[in-house]
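What follows is a set of notes on a single structure, which appears directly below.
The values are calculated or read from the model by the stated rules, or taken from the named source; none is laboratory data. It should be emphasised that the depicted structure is a prediction, and the values quoted were computed from it without experimental measurement. All Cβ positions, even for glycine, are placed from backbone atoms using ideal geometry, and neighbour counts span all protein chains on display. Note: accessible area is taken over every heavy atom of the protein model, side chains too, but ligands, DNA and RNA are not part of it. Shrake-Rupley method; radii C 1.70, N 1.55, O 1.52, S 1.80 Å.
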Amino acid sequence: MVQSVITRVGEGLSGARDSATQYDPTYDPLVSPGPGQGKQYAPTYWVATAGTPPPDDGPITKDIDVDVAIIGAGYTGLATALCLAREHGIKAVVLEANRTSWGCSSRNGGQGQNASGRLSRSQWVERWGKDVALKMHDEIQEGFDNFKKLVAEIDCDPQPGGHFLIAHRPRLMAKLAAESKVWKDVFGYPSELIDQATFRREYVNDSEAAGALHEPEGIGIHALKLAFGYLRLAREAGAKVHPASPVIGWETINGIHHLRTPGGIVRARSVGIATGAYTAQNLHPSLTSRVMPILSNSMVTRPLTSQEIAACNFRTTQVLTDTRTLRFYYRFLPDNRLQIGSRSAITGADAPNSKHFELLVEGMGRKFPALRGVAIDYSWWGWVDVSHDMMPRVCQPDPKQQVFYALGYGGNGVSYSQQAGRRLAERIAGKAEKQTLPIFTSPLPGHPFAPFRRIGQRMLYQMYFRRDEKP
Ligand SMILES: Cc1cc2nc3c(=O)[nH]c(=O)nc-3n(C[C@H](O)[C@H](O)[C@H](O)COP(=O)(O)OP(=O)(O)OC[C@H]3O[C@@H](n4cnc5c(N)ncnc54)[C@H](O)[C@@H]3O)c2cc1C
């Protein structure tokens, strides 16, 4: 008996299969039927410098039966497979539409922060009260400690030392001071407030910086080398990773999930969804309109000369972000280039419009006048998975179905995705009794005006622009 026909994903993919594996710069998860099949990576600095990808298990070529299938081979999917194998003895099969970590995990800024979601620690206290906020802090810190252990296992050019949160206006120093006090008084998490002159002299001469808050946790990593490391470790532990194998249809028959890929059907007892912001609207009903995909632009300069480095006073290689809502994030890379990113277009169709690139170049020039006119060697963009309440979820949305997901990190997924993968693995293995935090016990919230979200987003972007960009 067919219990339920859940969904059909990616109708129309067959055309894409025949014609194009080239990178599609206009891909838009709210519009496109699916992320494609076997597509090239975005033209990122990480892709250009990661070296030869490690071996994988090739595309699915026939029907197979598995215990656990994971959809998506970004950090989350690979970390889930790794933990399932290492900690629970379960050898999962990972299905990736394109190439390993083709989505966010090959496009991010490589900033591993002691955070997840978009809420600050003081906002956790406001939302959940002190006791839950303290447990949340422990969860994030444990995740960061686990992240550090994995980074130590993988050759991924770590730049440790912490994270600077830069006040981009003088009035925001008071906000940083208040946050720092909450970190110390409530969480016992140390930080240091740094005045403008000291920051520009000792760390970096960012012309917009009115000062900064420094936290001791934070590591910059090479985004794709980290992903390739996860791939290697997961396969060594017994997982299988199949690129060019998009899930394009999903039926549940007598509790078994039949995941249709172009090469065959994968029949799985349990499914973990790890598709981040690249989740198509029709992948699974539990995720329809649950994630707001937001574009972020990133670029990397040519290697800077010693004069340019001196003018910008790049003395720190730690990761930096600023206090804008659509924040700038940047880092001085090991090969003397600057990586910097920030807001982008609202739709995929508009993403290649040069005005977004120019806005980022202009932002870099405001921070570092000495870099005006410097050649940009790499420019790309990607979709960030923002949830409607600004916090991630690792959960089983329907207790009657062996379907689980981990997503919604809101641009703070480089470090937490591996902990989310660990939690997802526990859930799949039936060992989630200790997962009592709200991010584990409730599904991602929907949005009452889902079809109109982008109209609201456009209005918000105008407001943020007036507030954060105008002098
Ligand atoms: C430009 C940019 C900058 C960022 N900078 C930072 C940063 O500095 N620090 C930070 O913490 N976070 C950052 N992030 C966010 C971070 O990259 C993500 O949180 C993280 O990579 C999420 O990993 P993931 O595995 O959950 O998702 P992804 O890496 O997006 O992986 C999801 C995968 O699922 C696959 N998929 C989707 N649908 C299907 C299907 N139907 N079948 C099979 N496979 C499918 C996709 O092809 C994709 O490869 C940034 C994101 C972007 C876009």
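Going by accessible surface with a 1.4 Å probe and the largest first, Glu202, Glu308 read Glu202, Glu308. Sorting the segments 90-98, 252-260, 124-132 by their residues' average number of neighbouring beta-carbon atoms within 10 angstrom, most packed first, yields 90-98, 252-260, 124-132. Here's the list of aspartates and glutamates a cross-link from Lys130 could span, going by alpha-carbon distance under 20 Å and ignoring same-chain residues fewer than 8 apart: Asp138, Glu139, Glu142, Glu179, Asp185, Asp389.
Dipole of region 423-471 computed with +1 at Lys/Arg Cβ and -1 at Asp/Glu Cβ about the Cα centre; of Phe440, Ala450, Gly430, farthest Cα towards the positive end is Ala450. For region 315-321, the Karplus equation 6.51 cos²θ - 1.76 cosθ + 1.60, evaluated at θ = phi - 60°, returns couplings of 9, 10, 10, 6, 7, 9, 9 Hz by residue, with Gly and Pro reported as x.
Annotation: amide H of Gly218 within the under-5 Å range of Gly161, Gly162, sequence separation 5 or more or interchain, hydrogens built in the peptide plane. Residues whose amide H falls under 5 Å from that of Asn313, counting only those 5 or more places apart or on a different chain, are Asn205, with hydrogens built in the peptide plane.
P(r) tail, the chain: Cα-Cα pairs separated by more than 39 Å, 18% of all pairs.
Listed by chain and number, the lysines whose alpha-carbon sits under 18 Å from that of Lys175, ignoring those within fewer than 8 places in the same chain, are Lys184. Rounded to the nearest 500, what is the 222 nm mean residue ellipticity of the chain from helices alone, with -39500 (n - 2.57) per DSSP H run of 4+ residues and division by all residues? It lands at -9500 deg cm²/dmol. The antiparallel fraction among DSSP beta bridges confined to the chain stands at about 70%.
Scoring 231-244, 293-306 by mean Cβ neighbours within 10 Å over their residues and listing the highest first yields 231-244, 293-306. Close amide H partners of Thr347, meaning residues 5 or more places away or on another chain with modelled amide H under 5 Å apart, do not exist here. Of Leu224, His258, Pro285, whose Cα points farthest to the positive end of the dipole of region 202-293 (charges on the beta-carbon: +1 Lys, Arg; -1 Asp, Glu; origin at the Cα centre)? Most positive-ward Cα: His258. In region 389-471, the convex hull through the Cα atoms has an average projected area of 7.5 nm², a quarter of its surface area. Put a plus charge on the Cβ of each Lys and Arg, a minus charge on the Cβ of each Asp and Glu, and nothing anywhere else: the dipole of the chain about its Cα centre is then about 680 debye. Any of Lys91/Lys148; Lys39/Lys355; Lys62/Lys240; Lys91/Lys149 with alpha carbons more than 18 Å apart? Name them for me. Cα-Cα > 18 Å for Lys91/Lys148; Lys39/Lys355; Lys91/Lys149; rest within.
Its Cα centre serving as origin, region 379-471 has a Cβ charge dipole (Lys and Arg +1, Asp and Glu -1) of approximately 100 debye. Over what distance in Å are the Cα centres of region 444-467 and region 340-360 separated? A separation of 17 Å, based on Cα centres.
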